[in-house]
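Below: the structure, in structure tokens.
The values are calculated or read from the model by the stated rules, or taken from the named source; none is laboratory data. Predicted model only: the values in this text are computed from it and were never measured. With ideal geometry, Cβ positions are generated from the backbone for all residues, glycine too; neighbour counts draw on all protein chains shown. The area values use the complete protein model at the heavy-atom level, side chains included, leaving out ligands, DNA and RNA. Shrake-Rupley method; radii C 1.70, N 1.55, O 1.52, S 1.80 Å.
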Amino acid sequence: MKKIIALSGHADKGKTITLNYLIGFLDKSKEEKELTKDRSVIVCYSNKKIAVTTPGDNIGEIKKNIEFFEKEDCDILVTATRLNRNTINIIDKYCKENKAEFIWIKKEISETSAHLINQKQAKDIQTMIDKL
């Protein structure tokens, strides 16, 4: 069963940074030095083909992320999304129509230790992928 993990939060709260950390944790060769850079990456990790997409602020970006996931025939999509019913509904609808599992994660935030929170949450997502 295909799975979509959506990291959801408000604008400028570290979703892109967290997912860029995740990419580096899953594949050191894809580690990004510019953590605020949006990108869509395929990672082979633990016999799983994983799409990680950092854009996700609007319906158009979410649709592109799902198209990328399908085109690349991945097992798991990890994507950013806003705390917005419209973007979450697109993912939910796709999962229902395609019998995929939808895992929704709320972005953790901290004004004083954002760097550590972003790394910790990326590690938590990696652990979740390990268990899938």
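Points to keep in mind about this one:
- Scanning segment 74-92 for residues that are aliphatic (A, V, I, L, M) and either farther than 23 Å from Y45 by Cβ or loosely packed, with under 15 Cβ neighbours inside 10 Å (or both) gives L83, I88, I90.
- Whenever a residue of segment 7-26 is open to solvent by 10 Å² or more (accessible area, probe 1.4 Å), its partners that are among the charged types (D, E, K, R) and assigned to a helix (DSSP H, G or I), lying with C-beta atoms within less than 7 angstrom and at least six residues away or across chains, give the pairs F25/K123.
- One residue stands out among those in segment 54-63 that are surrounded by 16 or more Cβ atoms within 10 Å (Cβ to Cβ) and out of contact with any Lys or Arg (no Cβ under 7 Å at 6 or more places or on another chain): the one that is nearest to N118 (Cα to Cα), which is P55.
- All conditions in (1) under 12 Å from L7 (Cβ atoms); (2) open to solvent by less than 50 Å² (accessible area, probe 1.4 Å) hold for C95, with the sole exception of (1).
- Check on K71, more than 19 Å from K120 (Cβ to Cβ), at pLDDT 95 or above and surrounded by fewer than 20 Cβ atoms within 10 Å (Cβ to Cβ): yes
- Looking only at residues in segment 104-132 that are of a type in the set (V, I, T) and outside any helix (DSSP H, G or I), the one that is surrounded by the most Cβ atoms within 10 Å (Cβ to Cβ) is I105.
- Restricting I117, I88, I125, I103 to residues that are modelled with pLDDT under 95 and under 18 Å from T18 (Cβ atoms) narrows the list to I88.
- Selection within segment 86-132 - out of contact with any helix residue (DSSP H, G or I) (no Cβ under 7 Å at 6 or more places or on another chain), among the charged types (D, E, K, R) and farther than 27 Å from G60 by Cβ: E111, K120, D124, D130, K131
- For segment 86-103, the set of residues classified as assigned to a helix (DSSP H, G or I), out of contact with any Ser or Thr (no Cβ under 9 Å at 6 or more places or on another chain) and touching a residue at least 12 places away in the same chain (Cβ under 8 Å) consists of N86, Y94, C95, N98, listed by residue number.
- Filtering segment 49-99 to residues that are touching a Leu at 6+ places or on another chain (Cβ under 6 Å), under 19 Å from A11 (Cα atoms) and among the small types (G, A, S) leaves only A80.
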